[in-house]
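Asker: This is the structure, below, for whatever I ask next.
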Amino acid sequence: MARRAVFGLRSSGQIGLFVSKPGFDADSAAEADLIFSPIRSHALLVASGFVQLNGPGVPSAFVPFIRDFGVIPMVFCGGFNPRPTTAIAYAAAGTSGFNAYPKALFDGSYPAAGSVVPYWAWLKAA
Amino acid sequence: MSRRIIMGRSGSVNYGLRVSKAGYDALAAGLDGLLFDSDLIAAKAFAGNTFLTNVNNNLGRSSPQAPAVTTAPHGLSGTFIAAAIARPGALYTGADADRWSGWGSGITGTMVAAVYLDPTKSFATPHYYRQNFSTGALAEGGWTFSWDGTNFYVHNYCSHTLFVRWKAMRVG
């Protein structure tokens, strides 16, 4: 029976936590067949939710991350369904949080102004 | 007290690794109560980088519908999903960060489409506009992001470079 998880020393001499895909032995599986390993980075969703946009050039309420990460996460915000959308938003992000703004169209209108848009932010673990 | 981590075997059922949220039992919790489940494929953010695009020099000319296409080798193999955001490129110092490509009798020159209040950190997701004016003129703006097995591609309809930040997730 395949070992799905190894915590400690693998036969290869690697030490850490290794979790394999179903059907693969966590002790010997290649990196591509591991769901979790200390070798590859993993996506860390550091924030998600909804933010209320204000009018042109007016920042939304500041959305804080759970802490200051020291690096700036990638923040996606706006109407993602359907895409592409003309109700566009953008995020001005720092290491501890972000403000969201509506983005203008060619005619100077701001279709996203005043709307509530989803956001998500993630980091790549080192 | 709920079990937050289960690793190995429980009764007659084999488990790899389950980690639950606080207040949930890792053995009994449904998916919404789990932070990690080895029966599901967790995304690996295995690569990320930045690059600078070309600028669209077709503004106000005869072919605004032909954007500047930037090809950036990603060096990745296998199946992945990539996501990107962009802000005005390092070479861009003005306040107007996104412009339209104008073409036709109804449009001359460039048209301001947006202002990024802080061009050093304001990132927008890919977006693309195309407008048919009543005069029959066309205008396009924004940018798109795509990839194949070798390269990323950015179609840039803006009058400035874009500083693109991307990350790739392996999901299979």
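Asker: Starting from the range A:14-107, pick out the trypsin sites (Lys or Arg not before Pro) whose DSSP state is loop and whose Cβ has at most 15 other Cβ atoms within 10 Å.
Answerer: Here the sparse-neighbourhood loop sites are A:Arg67.
Asker: Which FRET efficiency, nearest 0.05, do B:Leu35 and B:Thr71 yield, Cβ-Cβ r, R0 41 Å? Intermediate results must be reported in sequence, preceding the final value.
Answerer: Values: r = 38 Å, r/R0 = 0.94.
Rounded to the nearest 0.05, the efficiency is 0.60.
Asker: Separate question: Which of A:Arg3, B:Arg3 comes first, and how do the rest follow, when ranked by fewest Cβ neighbours within 10 Å?
Answerer: Ascending number of Cβ neighbours within 10 Å: B:Arg3, A:Arg3.
Bear in mind that the values in this text are calculations on the coordinates, not laboratory data. All of these numbers come straight from a predicted model, not from anything done at the bench. Here the Cβ is made from the backbone with ideal geometry for all residues, glycine too, and neighbour counts use every protein chain on show.
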